[in-house]
């Protein structure tokens, strides 16, 4: 087993933990809709982490740019 598996696995664990925490947030009026990309973009995000976290990274740059087709379009 390579060192990549623990790195990707740990990032995915943190991602899921954050997704659960964010999912419990409640917003009152005037907010009517809330998008949680940590939820609806989970599959492509986790696939990216599994591919990109191949060795111990010095830094991980993550950006979310909400385009016309959602935040998982790239």
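The figures follow:
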{"item": "Pairs with Cβ under 8 Å, 6+ apart, first in region 44-58 and more than 12 Å from residue 15 (Cα to Cα), second assigned to a helix (DSSP H, G or I) and modelled with pLDDT under 80", "result": "53/4; 54/4; 55/4"}
{"item": "Residue satisfying all of: in region 1-15; surrounded by 11 or more Cβ atoms within 10 Å (Cβ to Cβ), assigned to a helix (DSSP H, G or I) and out of contact with any helix residue (DSSP H, G or I) (no Cβ under 8 Å at 6 or more places or on another chain); modelled with the highest pLDDT among these", "result": "14"}
{"item": "Qualifying residue in region 38-54 (condition: under 26 Å from residue 6 (Cβ atoms), in a loop (DSSP other than H, G, I, E, B) and modelled with pLDDT under 75)", "result": "yes"}
{"item": "Top-ranked residue in region 19-37 [being surrounded by 12 or more Cβ atoms within 10 Å (Cβ to Cβ) and part of a helix (DSSP H, G or I); ranked as modelled with the lowest pLDDT]", "result": "37"}
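The values are calculated or read from the model by the stated rules, or taken from the named source; none is laboratory data. This is a predicted model, so every value here is computed, not measured. Don't worry about glycine lacking a Cβ; one is built from the backbone with ideal geometry, like all the others, and counts go over all protein chains shown.
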